[in-house]
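The block underneath contains the structure these notes are about, expressed in structure tokens.
Since every read-out is calculated from the coordinates, none of them should be taken as a lab result. Model, not experiment: these values are computed from the prediction. All Cβ positions, even for glycine, are placed from backbone atoms using ideal geometry, and neighbour counts span all protein chains on display.
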Amino acid sequence: MKRFVRILFAAVNLLAALLFLAGYLAYHVPFGAFWWFELAAVFLPYMALALAGMAVLLALTGPRRMLLLNAALLALFLLRANPLARPGAAPDALDAPGDTLTLLTLNAPAVWPAAPPDRPERMARLVEAIRPDVIGLQEASLAWYDQQPFVRSDPYVSILLDSLGYSSMRPENAAWTQQPVLSKPQVEQVTRVPLHTGGRRPSHAIRARIRWQGRDFIVYNAHLRTFGERKPWEDIRPSTFGAGNVMRYLRQYRAAYRIRARETERITALLDEETLPVILFGDMNSAPNNRVYRTLSSRMRDAFAEAGEGWGMTYHARLPAVRIDYVFVSEEWEVVSARVPKVRVSDHLPLVVSLRLPRD
């Protein structure tokens, strides 16, 4: 019996190691037949914890070769995560508040079944407490009309425009957006940039040129392709685990990863054309071990990775388990601080980042 338990434990450990390796390789393997590596990559930190726990048991009772395998995989994870490299917020983060640009990015869907009745007031309290200069919202529709009211949106967005002094310019080539950029500094130009034009759900990003302290910079607000409105963890019923449903969800996820890869290619092409300081923020629907993150972070710097406080998990707001909302900045910016306030005005948590733009 004891031998059977050891064999079973070794088999479970080997399966966990293989899933970990698949998630780890998602960073490096081009998208294609191995798209499912991306799914494993989302849970890589938790698989690392599982392997660490198994390593403790293996050190006490298990075969040494399996222990060495776990140790090697954990070493790879720590080498990539490098938890000691992040210094946290700069000591002088609040010394010169007038010299810092504060950003708030939040996926706040207009259609949110769990939205509390006082959602506009919660949004106002959040913004009043943080006082961001620029706000990027995702899945929050904002539309412009030729007759009054000229600007129309949901109450939790309108309160920012009507009561808190933010403005949002109409894109030159569109009359609406689901990725509005709201700003206190002067917005000089806004365009809606297509990211994916095929299928029934085209996607776009908002590009805004903003003047702050006598200098211009560019902001991109993006929401990369989600997996769809129906989520497996929200669809728990006897038929959910049937072969037909499992295959449907796998096809849904595969299509989402393919579209997200094309959206990322489009964004990186746009970033490569910019000559001014650039900020990219929004919901990328990808964890730090996914290939989307690697592609974006190879061109820009992840503000939270440089100066974040805590773990930075932004989804789901009830039990934050993954980091999928980001602020990426070009080399001109100095990252002062980054944090995720535990405020529930959406199914995501907000990300707040403060930056400086040093003079030459």
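Points worth noting:
- In degrees, nearest ten, helix 44-60 long axis to first principal axis of the chain (Cα): 30 degrees
- The chain: angle of helix 243-273 to the longest principal axis, Cα-based, in degrees nearest 10: 50 degrees
- In order through the range 331-344: 3J(HN,Hα) via Karplus (6.51 cos²θ - 1.76 cosθ + 1.60), integer Hz, x for Gly, Pro: 5, 5, 7, 9, 7, 8, 7, 7, 7, 10, x, 8, 10, 9
- Around the amide H of L195, modelled in the peptide plane, lie the amide H atoms of S203, H204, A205, all under 5 Å away and 5 or more residues distant in sequence or on another chain.
- Taking the Cα centre of the chain as origin and assigning +1 to Lys and Arg Cβ atoms and -1 to Asp and Glu Cβ atoms, the resulting dipole is close to 1840 debye.
- Beta bridges by DSSP in the chain, antiparallel share as percent, to the nearest 5: 80 percent
- Ranking V322, L164, T105 by how far each Cα lies toward the positive end of the dipole of the chain (charges on Cβ) leaves V322 at the top.
- Label assignment, volume of the Cα convex hull per residue in Å³ derived from the structure, set (1) 141; (2) 152; (3) 171: (3)
- Annotation note: chymotrypsin sites (Phe, Trp or Tyr not before Pro) in the range 303-333 located in DSSP loop regions with a Cβ neighbour count of at most 15 within 10 Å are W311.
- Gaussian network model of the chain, springs between alpha carbon atoms under 10 Å - residue of N107, N13, N221 with greatest fluctuation: N13
- Amide H contacts for V322 (H built 1.01 Å from N in the peptide plane; partners 5 or more residues away or on another chain; cut-off under 5 Å): T314, Y315, H316.
- Summarising the amide proton neighbourhood of I279: residues at separation of 5 or more, or on other chains, whose placed amide H is nearer than 5 Å comprise I218, V219, Y220.
- For the range 2-85, the direction-averaged projected area of the alpha-carbon convex hull comes to 6.2 nm².
- Restricting the chymotrypsin sites (Phe, Trp or Tyr not before Pro) of the range 133-177 to loop positions (DSSP other than H, G, I, E, B) with no more than 11 neighbouring Cβ atoms within 10 Å leaves F150.
- Inter-centroid distance (Cα atoms) of the range 141-215 relative to the range 320-360, Å: 20 Å
- The range 300-348: trypsin sites (Lys or Arg not before Pro) falling in loop per DSSP and having at most 11 other Cβ within 10 Å: R318, K342
- Mean-position separation - Cα centroids, the range 292-317 and the range 28-57, in angstrom: 18 Å
- Rounded tilt (10° steps) of 2-25 against the dominant C-alpha axis of the chain: 30 degrees
- Among 181-189, 255-263, 346-354, sorting by the average number of other beta carbon atoms lying within 10 angstrom of each residue, highest first, gives 346-354, 255-263, 181-189.
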